[in-house]
Amino acid sequence: MKQTLICLALATLFGGCAVTGPAAVPAPDMPVAFAETVAADAAVPSSEWWAAFGSPELTALIAAAEAANPDLAIAAEHVRQAEAQVRTADASLFPALNLGLGSSRRETHPDGGEWKTADASSATLSASYELDLWGKNAAGRQSAEAALRASRFDRETVRLTLVAGVANGYFQLLSLRGRLDVARENLAIAARVFKVVDSRVRNGAASALDLARQQAAVLTQTAAIQPLELQERQLLFALAILLGRTPEGFDTAASSITGLAVPRIAAGLPAQLLVRRPDLASAEAQLAAADANVAAARAALLPAISLTGSAGLATDVLLNFLSAPTAAVALGASLLQPIFDGGRQRAQVDVAESRQRELVEAYRKAVYAALADVESALAAAGRLAAQEQLVEQVVEQARVALRLAEVRYREGADDLLTLLDAQRTLFQAEDQRAQIRLSRLQAAVGLYKALGGSWQLRGP
């Protein structure tokens, strides 16, 4: 007991060597509001924000992806591993108990004598405990708990990325199918005009040059269909992989993007991103783990005090402790103070502190990137809506122009170049309209993702 008290006194004396420092405060200054404005009827995101697009098939696809996607399953295993690490760190806060049982038989044969047998058995219960005076073990547990929180937020980031990927892939697939319909319709228009040109050539009202030009237009429209069909198949296969299934036999029922709604989304306040986005929450949790690692590294510079005890029984009878066993009890305490290790532990403190400062900057960078994501998505949502309205008018006028150009060419009032130009204008306008519709839907998905998917993170 006297030795234990001496160890404690020395440990208290060495405690003045502790290197302490305040935990980093990473939160950057946040703007009061976003620069881009939103519509007055914009709605806050719900937990199942993808339902706002009005597609039951999309909802079913996302549910299937959440149930079977390999990346999400991998992220879930990372969470389980982090939970096990917390249990491991918890174990360092409790004493360690060990039970030992032994038995032996020894036979000797002296020169010229008879064989002699000696039996022995022993049972020992030992305990050891490291006093966590400086909080090293507690800091290790805090680091493990922070890493667990980070892994859970990382899982949510994977989930959010997966849902956004499924939505974008689904919209791209429907957009390509719509563009294929437009391309086939334009091919039908070009073929119809070709018949008009062919009739005029046979009647001597047009030259073979007009026929060749219109034939080239038909072939151009035919050639434009093949790449779109290839992209459709590739997107369908990619979507199947996101759902955790093989591409063979996979298909979707919907074929048009025009029936989908484009939701109006309220962005809220910039400061809410800090608690709404899982990637920012993960970065903050990683910083908390780094703070705990710094504390553990500093505590490692201080003395380590261990208490040990053991109790045992020994007997000369094999596996029989009822035959006059000998009992023994031992108690002890030890103090270990690093004196010289070539600067290894000091260097470990420097590494932990540098890692802490690195994560502070990484957190600030992530916050700035999140703000930029929201601003970009808001800007795209507003401007693409206005652009789509203009392109709708272009398509309407291009249809009128093509109809008039076809009539005037049939009557001989205009040449074929005017008709070809009207065809090209309509084809390009209709294709652009389909792509802008896709861009609007993707911008909405991007805004949902930039906002963290919903107003509240999912629980662990």
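The values are calculated or read from the model by the stated rules, or taken from the named source; none is laboratory data. Since the structure is predicted, the reported quantities are computational estimates derived from the model, not experimental observations. Please note: Cβ atoms are built from the backbone with ideal geometry, for glycine as well, and neighbour counts cover all protein chains shown. To get the accessible areas, we keep the full protein, side chains included, count just its heavy atoms, and leave off ligands, DNA and RNA. Shrake-Rupley method; radii C 1.70, N 1.55, O 1.52, S 1.80 Å.
Table: residues versus (1) under 30 Å from Glu185 (Cβ atoms); (2) touching a Gly at 6+ places or on another chain (Cβ under 9 Å).
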site: Leu228; (1), (2): yes, no
site: Glu232; (1), (2): yes, no
site: Leu239; (1), (2): yes, yes
site: Pro247; (1), (2): yes, no
site: Phe250; (1), (2): yes, no
site: Thr258; (1), (2): yes, yes
site: Ala271; (1), (2): no, no
site: Pro278; (1), (2): no, yes
site: Ala281; (1), (2): no, yes
Can you tell me how many residues in region 411-428 are of a type in the set (A, V, I, L, M, F, W, C) and assigned to a loop (DSSP other than H, G, I, E, B)?
1
So which residues in region 77-93 are open to solvent by 30 Å² or more (accessible area, probe 1.4 Å) and either free of Cβ contacts under 8 Å to residues at least 12 places away in the same chain or outside any loop (DSSP other than H, G, I, E, B) (or both)?
Glu77, His78, Arg80, Gln81, Glu83, Ala84, Gln85, Arg87, Thr88, Asp90, Ala91
Could you list, in sequence order, all residues of region 396-428 that are farther than 30 Å from Gly165 by Cβ and under 40 Å from the mean Cα position of the chain (by Cα)?
Phe427
Take the residues in region 113-150 that are over 23 Å from Glu83 (Cα atoms) and open to solvent by 90 Å² or more (accessible area, probe 1.4 Å); name whichever of them is modelled with the lowest pLDDT.
Trp115
Selection status of Ile74, touching a Phe, Trp or Tyr at 6+ places or on another chain (Cβ under 7 Å) and not in a loop (DSSP other than H, G, I, E, B)
no
Quick one: Ser454 ticks every box in (1) open to solvent by less than 30 Å² (accessible area, probe 1.4 Å); (2) at pLDDT below 90; (3) over 30 Å from Ser282 (Cβ atoms) except a single one, so which number is it?
(3)
Just checking, which of Arg355, Arg364 is open to solvent by 80 Å² or more (accessible area, probe 1.4 Å) and either at pLDDT 85 or above or part of a helix (DSSP H, G or I) (or both)?
Arg355
Per the filter on region 196-252, residues farther than 30 Å from Ala413 by Cβ, in contact with a Phe, Trp or Tyr (Cβ under 7 Å, 6 or more places away or on another chain) and outside any loop (DSSP other than H, G, I, E, B) are Leu236, Leu239, Ala240
Could you check how many residues of region 137-186 are in contact with a Leu (Cβ under 8 Å, 6 or more places away or on another chain) and among the basic types (Lys, Arg)?
4
Top-ranked residue of region 174-227 - restricted to ones that are surrounded by fewer than 20 Cβ atoms within 10 Å (Cβ to Cβ) and touching a Lys or Arg at 6+ places or on another chain (Cβ under 7 Å), ranked as farthest from Ala422 (Cα to Cα):
Ile225
Of all residues in region 47-65, how many are open to solvent by less than 50 Å² (accessible area, probe 1.4 Å) and more than 21 Å from Ser439 (Cα to Cα)?
2
Looking only at region 252-296, how many residues end up being surrounded by fewer than 17 Cβ atoms within 10 Å (Cβ to Cβ) and over 26 Å from the mean Cα position of the chain (by Cα)?
7
Determine whether Pro247 is under 27 Å from Trp49 (Cβ atoms), within 26 Å of the chain's Cα centre (by Cα) and open to solvent by less than 40 Å² (accessible area, probe 1.4 Å).
no
Do we find that Leu230 is modelled with pLDDT of 90 or more, within 23 Å of Ala434 (Cα to Cα), open to solvent by less than 40 Å² (accessible area, probe 1.4 Å) and within 37 Å of the chain's Cα centre (by Cα) in this structure?
no
What tally of residues in region 329-352 results from selecting those that are in contact (Cβ under 8 Å) with a residue 60 or more places away in the chain, surrounded by fewer than 16 Cβ atoms within 10 Å (Cβ to Cβ) and not in a strand (DSSP E or B)?
1
Residue identified as more than 16 Å from Trp50 (Cα to Cα), in a helix (DSSP H, G or I) and at pLDDT 90 or above among Leu160, Leu173
Leu173
May I ask you to list the residues in region 161-220 that are of a type in the set (Lys, Arg), within 15 Å of Leu426 (Cα to Cα) and within 37 Å of the chain's Cα centre (by Cα)?
Arg179
Pairs where the first residue, in region 260-276, is free of Cβ contacts under 8 Å to residues at least 12 places away in the same chain and the second is part of a loop (DSSP other than H, G, I, E, B) and crowded, with 20+ Cβ neighbours inside 10 Å, C-beta under 8 Å, 6+ apart
none
I'm trying to understand the selection: among the residues of region 396-410, which are aliphatic (A, V, I, L, M) and either open to solvent by less than 80 Å² (accessible area, probe 1.4 Å) or part of a loop (DSSP other than H, G, I, E, B) (or both)?
Ala398, Val400, Ala401, Leu402, Ala405, Val407
Can you tell me which residue in region 34-60 is modelled with the highest pLDDT, limited to those that are among the small types (Gly, Ala, Ser) and in contact with a helix residue (DSSP H, G or I) (Cβ under 7 Å, 6 or more places away or on another chain)?
Ala51
Quick one: Asp316 ticks every box in (1) of a type in the set (D, E, K, R); (2) modelled with pLDDT of 75 or more; (3) open to solvent by 20 Å² or more (accessible area, probe 1.4 Å) bar one, so which box is it?
(2)
Take region 380-395 and flag every residue that is surrounded by 15 or more Cβ atoms within 10 Å (Cβ to Cβ) and aliphatic (A, V, I, L, M).
Ala380, Ala381, Leu384, Ala385, Val391, Val394, Val395
